[in-house]
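All remarks here apply to the structure that follows.
The values are calculated or read from the model by the stated rules, or taken from the named source; none is laboratory data. Values in this document were obtained by computation on a predicted structure and should not be read as measured data. Cβ coordinates were reconstructed from backbone atoms using ideal geometry, including for glycine residues, and neighbour counts include every protein chain displayed. Accessible surface areas use protein heavy atoms only, side chains included; no ligands, DNA or RNA. Shrake-Rupley method; radii C 1.70, N 1.55, O 1.52, S 1.80 Å.
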Amino acid sequence: MDIVLSRILKYLNGCLDDDHMYRIGLFVVHHYVEMEDYSLQRVMDEGNFTKDDILDFCKHLGFDTYEEFQSELVGDYMLRVSQIRARMLGVSASQLIEQLDSSYDKEAFVKELELICELIFKNKRVIVIGALYPTSIAVEFQTDFITFGKEVIQYHHFEKDFQFKKDDVVIFMSATGRTLNDYLKESADQNIHSANIVLMTQNVKYKKNNDLGANYVLQVPGRFDGIQFNYQIMMIFDILRIYYYTKYYI
């Protein structure tokens, strides 16, 4: 059975409405590593939720009471930490980097990834934006970083009052880069220009001429081949998880 966090993320990432279920899910992700200290009353007070709203959320996840939900959530957190620790044994980022496309300048690429990990560490929230398949690939990255104590969410257009902040890191996945270009124009009123932007793209143009204002551009080799792009992105997310775990978590 999936851990509770996985079920919450499955709901949040596929959500279509900005309702109490969505808001409570975001609240849990934001406070995930502290949920042991959150009584029902505290969640109601800090999140401005009603008791019925919270119990409805819990029942949708298969729990009759908030206390059952909280107990399972905390137990899953401890289990996930142990699983991550076990998974990281015998795994190194250098092994994965060697499997990347040979056209990479490996040394420069490693420095970029280390700087991105530092950027994530120094900021509060990570927001993932992209098409369905790339964002689905990012779910393991999302789950692990939430367990590390970092809030990681996927952006949804339906959240009209959403605002980007200066301590946000936006990871934008676009093979051609055009989607980010359009998005920056459409969402200027959401203050995205104040956030730190990491662009993952196959378009070498943005590596040579970063006119989108991205803080970092990871140029993935290939000629706009969706399959190759997705495989490379999956490996990049895995490398980021390993670097962050070894440098900032343990």
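Each residue, GLN163 and SER71, gets one label point 7 Å from its Cα in the Cβ direction; the gap between the two is 4.1 nm. You can think of it this way: the chain between HIS30 and VAL204 has 59.1 nm of extra reach, that is 0.36 nm per residue less the Cα-Cα gap. Roughly speaking, what is the centre-to-centre gap between the range 1-47 and the range 106-172 when only Cα atoms are used, to the nearest Å? What the calculation gives is 18 Å, centre to centre.
Spin-label model, GLN228 to ARG23: label points 7 Å out along the Cα-to-beta-carbon direction sit 4.7 nm apart. Of all the accessible heavy-atom surface of the chain, with the other protein chains kept in place and a 1.4 Å probe, what percent is carbon and sulfur? Roughly 50 percent of what the probe reaches on the chain is carbon or sulfur.
Rg of the Cα atoms in the range 164-243, relative to 2.2 N^0.38 Å, amounts to 1.10. Using only Cα atoms, tell me the angle between helix 20-30 and the longest principal axis of the chain; keep it within 0 to 90° and round to the nearest 10. Approximately 70 degrees, to the nearest ten.
Note: relative contact order over the chain, using C-alpha pairs below 8 Å and six or more positions apart, is 19 percent. Evaluated at 10 °C with a viscosity of 1.306 mPa s, what Stokes-Einstein diffusion coefficient in µm²/s does the chain have when Rh comes from the Kirkwood expression over alpha-carbon pairs? The diffusion coefficient I find is 83 µm²/s.
How far, in nm, would the chain grow between GLU46 and HIS193 when pulled straight, counting 0.36 nm per residue and subtracting the alpha carbon separation?
On the way: separation 147, 0.36 × 147 = 52.92 nm, distance 2.88 nm.
Gain in length upon complete extension: 50.0 nm.
Principal-axis analysis of the Cα atoms of the chain puts helix 226-244 at an angle of about 70° to the longest axis. Taking the chain as the reference, fit the longest principal axis to its C-alpha atoms, fit the long axis of helix 66-88 to the helix C-alpha atoms, and give the angle between the two in degrees, 0 to 90, nearest 10. For helix 66-88, the angle is close to 30 degrees.
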